[in-house]
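Here the structure is laid out as structure tokens; the discussion comes afterwards.
The values are calculated or read from the model by the stated rules, or taken from the named source; none is laboratory data. In this text the structure is predicted, and so the values were computed from the model without any measurement. Quick reminder, even Gly has a Cβ in these numbers, built from the backbone with ideal geometry, and neighbours come from all protein chains shown.
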Amino acid sequence: MIDGVVVSKPIIPILNNFLFDIKDGELKISATDLETTMTTSIKVDAKEDLAIAIPSRTTLDLLKSLPDQPLAFSVNLEKGAVEIKYDAGRFKLTAQKGDEFPKNPGVDGGQKFTIPAKVLQKAITKTVFATSSDELRLNLTGVLVQLSANDITFVATDANRLVRFNRSDIKPGVEDSFILPKKALNLLKASLPNDDTEVTIDFNKSNAHFMFGDVTLVCRLIDEKYPDYKAVIPQDNPNKLLMDRNEFAMSVKRVSITSNKTTHQIRLKLAGSELTISAEDIDFENEAQEKLKCQYEGEDLEIGFNSKYLAEMIGAVDGTEVRLEMSQPNRAGVLLPAVAEENEHILMLVMPMMLNSY
Amino acid sequence: MSHQIVHIDLDSFFVSVERLINPKLIGKPVLVGGSSDRGVVASCSYEAREYGIHSAMPMRQARQLCPEAIIVRGDTSEYSKYSDIITEIIGETVPMYEKTSIDEFYMDLTGMDKFFGCYKLATELRQRIIKETNLPISFALSANKTVSKVGTGEAKPNGQKEIPIGTEKEFLAPLSIRKIPMVGDKTYQLLRGMGVMWIRTLQEMPMELLQQVLGENGSLIWRKAQGIDNSPVVPYSERKSISTERTFEQDTIDVNMLKGLLIGMAEKLAYQLRSEQKLTACVTVKIRYSDFNTYTMQARIPYTSLDHLLIDKVKELFDKLYQKRMLIRLIGIRFSHLVHGGHQYNLFDQTPEQIQLYQAMDKIRKRYGDEAVARAVGTDFKASKMNPFNGIKR
């Protein structure tokens, strides 16, 4: 589980190792890339307490190829050697002293709240795909978590689209906000159990600490200012489209096959209760068009979108029907589930693409 | 099966068009290009070539070589009009062609010989172009692009040539290495320094030797010298970049004026992008100092066609690039990595008002011409009227 933390080419070589830290019959295994540290613990039979760093890749390769069975580790700290004995044979690896392994940063003077694992997992799944991968805008590469007395809000945007996920049944009881980096979120997403296990989150200005079951994850927060996302969310877009989610998603997917491979531009044309989705790739003279029946209130409208964004967002909305609310061809469109779930408010916003029609 | 490739090229195209407009120019040395001392020869008549003048030569030098030459300013829109007519005729006649410049085409006639005879077809095409436009044109037919291009050079002026399949090597052998496309001034000097003058010598050299001297290009040049060229005829496609540049009457160091000019250029090109429904992802700024050293700097950006994003990038690049406190002779910008599509609006980079402003300005330009409205700071820059997408050098 924790091997996702290890990067392929770390800044210092010891980061290629797992730290095995044994204390009072409990083994803690940690991996870190200096930004994110993940630790898991298990009970073991140990003769003495010790800490040693073992090459992660080789150890994992061995463990993955072994059937379930007890393993015996014998460590020679002086020589820096570890021997792993199993049924059929033994394995010898070089190891480094545990005290050379970077220490976990503490989260002193922080605040604390709890959230059920499946809620956190859902919040991450719904938002993390919309983060930016532009290293020049570091603040957008993570997910903003906003805490208040009575609800929690997760926000992700890459400046072209935005997702806001809000739960009013989680009451952190504190007013604060921080930006979590994408890597830590993806690690959490993969390791969180899909149940009501309580996740405790400690955080201060620079780090956040997640604890659930026998796993802890510490990550450095993105120390940047998040843009004022509230200002860009339009209120009361007048042109409202209601569609079957699946039908809409499939149609966008099919039409986008012929869209330009770089811009992914598709065109939605709304007239009466008919939605026409079309795309063209001038370079290859490909084009496609589909007409769908829909429920639409508002003026006739023609608007361009990046089909990749649109498809991802339609896919991320729950429920059988989605609502797309628009105002003008150059203003943001808002995508919502037709029926909101209890205590959960999700809003997706996508900026259109310029259609030349003057 | 071997290919049948035709290279067709108009003879001193600009001069020929000028002669259609003004028949008095026929039979006289004519130069097309900027008439000031700082201009260069864009095209010259065969009469002028006898004086040693060639295209891309500085106008001043050309005038010294042949004081009685008639210099014509040139009219790019007229040239592109004729180019379009010829493109149309070619498009009607052959199944696949590639337009490599305003006056030069490759055609792939592979398989046509069954029905028409390739040489006959190309001859008829040439006659038709001459009849319909009155412009002299030459072509050569061979198995590949390189040999055909060299062949056209040999067929000129106003001629045609066939290099039968299998005789490419013999055809190239007695020619100067200069004739190989790719061998420019520098390579020529280098090869001459090695004692290589004729293609025959190149043909007899081992490829590894050329590779050592010229690197990657060495093997390409060697293959071309052997008459081997597998590059396909790529059907005419639009330009992958648009650019503009300005050479100053007098070298300058006036940074404010330079910036204004750059803004004007960026604005004009951005409008052209939008009116062709294109986006760019790469911005390049070019500076030529008075000592003729030329520097460029480029940056990748997210796909866009909006003025303020492009102008900011251009200014940023200029600031980074303009480091020497030296007089500047030329500045230019280029937008490349073009794709067809509309700008992806950004949540934070622009306001709806800005978008509306651009759309309103574009509407005005569309109706009253692209000089009608512009940022005040950039009004010094007057773009020429021609379209940057059809492949005419500015």
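Across segment A:73-89, not a single residue is classified as free of Cβ contacts under 8 Å to residues at least 24 places away in the same chain, surrounded by fewer than 13 Cβ atoms within 10 Å (Cβ to Cβ) and touching a Phe, Trp or Tyr at 6+ places or on another chain (Cβ under 9 Å). Of all residues in segment A:129-152 being under 15 Å from the mean Cα position of the chain (by Cα) and buried (at least 20 other Cβ atoms within 10 Å of the Cβ), which is nearest to the other protein chains (Cβ to nearest Cβ)? Ranking the candidates gives A:Leu140 first. Taken as a whole, the condition of being crowded, with 17+ Cβ neighbours inside 10 Å, within 14 Å of chain A (Cβ to nearest Cβ) and closer than 25 Å to B:Val373 by Cα applies to B:Lys278.
Scanning segment B:283-310 for residues that are in contact with an Asp or Glu (Cβ under 7 Å, 6 or more places away or on another chain) and of a type outside the set (S, T, N, Q) yields B:Lys286, B:Asp307, B:Leu309.
Cβ separations smaller than 9 Å between residues 6+ apart or across chains give the following pairs from segment B:161-172 residues that are at negative phi to residues that are among the aromatic types (Phe, Trp, Tyr) and at pLDDT 90 or above: B:Lys161/B:Phe139.
Being among the basic types (Lys, Arg) and closer than 30 Å to B:Leu121 by Cβ, is that true of even one residue in segment B:44-54? Within segment B:44-54, none of the residues are among the basic types (Lys, Arg) and closer than 30 Å to B:Leu121 by Cβ.
Let's see how each residue does on (1) assigned to a loop (DSSP other than H, G, I, E, B); (2) touching a residue at least 40 places away in the same chain (Cβ under 8 Å); (3) β-branched (Val, Ile, Thr); (4) closer than 23 Å to A:Pro352 by Cα:
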{"residue": "A:Val143", "(1), (2), (3), (4)": "no, yes, yes, yes"}
{"residue": "A:Val155", "(1), (2), (3), (4)": "no, yes, yes, yes"}
{"residue": "A:Leu162", "(1), (2), (3), (4)": "no, yes, no, yes"}
{"residue": "A:Ile179", "(1), (2), (3), (4)": "no, yes, yes, no"}
{"residue": "A:Leu188", "(1), (2), (3), (4)": "no, yes, no, no"}
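Being closer than 18 Å to A:Ser327 by Cα and aliphatic (A, V, I, L, M) is the filter here; which residues of segment A:252-276 pass it? Once the filter is applied, which keeps residues that are closer than 18 Å to A:Ser327 by Cα and aliphatic (A, V, I, L, M), segment A:252-276 yields A:Ile266, A:Leu268, A:Leu270, A:Ala271, A:Leu275.
Each residue in segment A:205-238 was checked for being within 14 Å of another protein chain (Cβ to nearest Cβ), in a loop (DSSP other than H, G, I, E, B) and touching a residue at least 12 places away in the same chain (Cβ under 8 Å), and 7 pass. Of everything listed in (1) within 22 Å of A:Ile233 (Cα to Cα); (2) of a type in the set (S, T, N, Q); (3) assigned to a loop (DSSP other than H, G, I, E, B), the single unmet condition for A:Asn194 is (1).
With the structure loaded, tell me whether B:Ile364 is of a type in the set (Val, Ile, Thr) and touching a residue at least 60 places away in the same chain (Cβ under 8 Å) or whether it fails that test.
Values: of a type in the set (Val, Ile, Thr): yes; touching a residue at least 60 places away in the same chain (Cβ under 8 Å): no.
For B:Ile364, the condition - of a type in the set (Val, Ile, Thr) and touching a residue at least 60 places away in the same chain (Cβ under 8 Å) - is not met.
Condition check: surrounded by 20 or more Cβ atoms within 10 Å (Cβ to Cβ), in a strand (DSSP E or B), more than 10 Å from every other protein chain (Cβ to nearest Cβ) and touching a Ser or Thr at 6+ places or on another chain (Cβ under 6 Å). Does A:Ile303 satisfy that? No, not satisfied.
On the stretch given as segment A:265-294, residues that are farther than 12 Å from A:Phe248 by Cα and assigned to a strand (DSSP E or B) total 15. Residues in segment A:217-236 that are of a type in the set (A, V, I, L, M) and more than 22 Å from the chain's Cα centre (by Cα): 2 in all.
Within segment A:192-239, the set of residues being acidic (Asp, Glu), touching a helix residue (DSSP H, G or I) at 6+ places or on another chain (Cβ under 7 Å) and closer than 15 Å to A:Glu35 by Cβ comprises A:Glu224 only.
In segment A:149-180, what residues are touching a helix residue (DSSP H, G or I) at 6+ places or on another chain (Cβ under 7 Å) and not charged (D, E, K, R)? Residues satisfying the conditions are A:Phe154, A:Val155, A:Ala156, A:Thr157, A:Ala159, A:Asn160, A:Leu162, A:Val163, A:Phe165, A:Ile170, A:Ile179. Only a single item in (1) in contact with a Gly (Cβ under 7 Å, 6 or more places away or on another chain); (2) modelled with pLDDT of 90 or more; (3) of a type in the set (Gly, Ala, Ser) is not met by B:Ser148, and it is number (1). Only one of the numbered conditions (1) within 14 Å of chain A (Cβ to nearest Cβ); (2) not in a loop (DSSP other than H, G, I, E, B) is not met by B:Leu317, and that is (1). Within the bounds of segment A:78-94, is there any residue that is outside the structural domain of A:Pro181 (by TED's automatic domain parsing) and in contact with a Gly (Cβ under 7 Å, 6 or more places away or on another chain)? Checking segment A:78-94: at least one residue is outside the structural domain of A:Pro181 (by TED's automatic domain parsing) and in contact with a Gly (Cβ under 7 Å, 6 or more places away or on another chain).
Within segment A:130-148, which residues are over 24 Å from A:Val119 (Cβ atoms) and touching a Phe, Trp or Tyr at 6+ places or on another chain (Cβ under 7 Å)? Before you say what the answer is, go through the steps one by one.
Of the residues in segment A:130-148, the ones over 24 Å from A:Val119 (Cβ atoms) are A:132-139.
Residue satisfying the conditions is A:Asn139 alone.
Looking at B:Ile129, B:Ile165, B:Ile221, which one is closer than 30 Å to B:Glu78 by Cα and modelled with pLDDT of 85 or more? Even if it seems obvious, please write down each step before you answer.
Working: B:Ile165 fails: closer than 30 Å to B:Glu78 by Cα; B:Ile221 fails: closer than 30 Å to B:Glu78 by Cα.
Going through B:Ile129, B:Ile165, B:Ile221 in turn, the sole match is B:Ile129.
Of the residues making up segment B:115-137, just one is of a type in the set (Ser, Thr, Tyr) and farther than 24 Å from B:Pro164 by Cα, namely B:Thr133.
Being more than 14 Å from every other protein chain (Cβ to nearest Cβ), of a type in the set (Val, Ile, Thr) and out of contact with any helix residue (DSSP H, G or I) (no Cβ under 6 Å at 6 or more places or on another chain) is the filter here; which residues of segment A:256-299 pass it?
First, the residues of segment A:256-299 that are more than 14 Å from every other protein chain (Cβ to nearest Cβ): A:257, A:269-277, A:288-299.
With the extra rule that they be of a type in the set (Val, Ile, Thr), the set shrinks to A:257, A:276-277.
Hits for segment A:256-299 are A:Ile257, A:Thr276.
For beta carbons closer than 7 Å, sequence separation of 6+ or different chains, a first residue in segment B:37-58 that is surrounded by fewer than 16 Cβ atoms within 10 Å (Cβ to Cβ) and a second that is basic (Lys, Arg), the qualifying pairs are B:Asp37/B:Arg60. The helices (runs of 4 or more DSSP H) found entirely in segment B:207-307 that carry 2 or more residues being of a type in the set (Ser, Thr, Tyr) are B:255-275. For A:Thr58, indicate whether it is touching a residue at least 12 places away in the same chain (Cβ under 8 Å) and within 22 Å of A:Val218 (Cα to Cα). Taking the combined requirement at face value, the residue does not satisfy it. Filter segment A:306-358 for residues that are more than 14 Å from chain B (Cβ to nearest Cβ), in a loop (DSSP other than H, G, I, E, B) and surrounded by fewer than 17 Cβ atoms within 10 Å (Cβ to Cβ) and give the result. Within segment A:306-358, A:Asp318, A:Gly319, A:Thr320, A:Ala338, A:Val339, A:Ala340, A:Glu341, A:Glu342, A:Asn343 meet the criteria.
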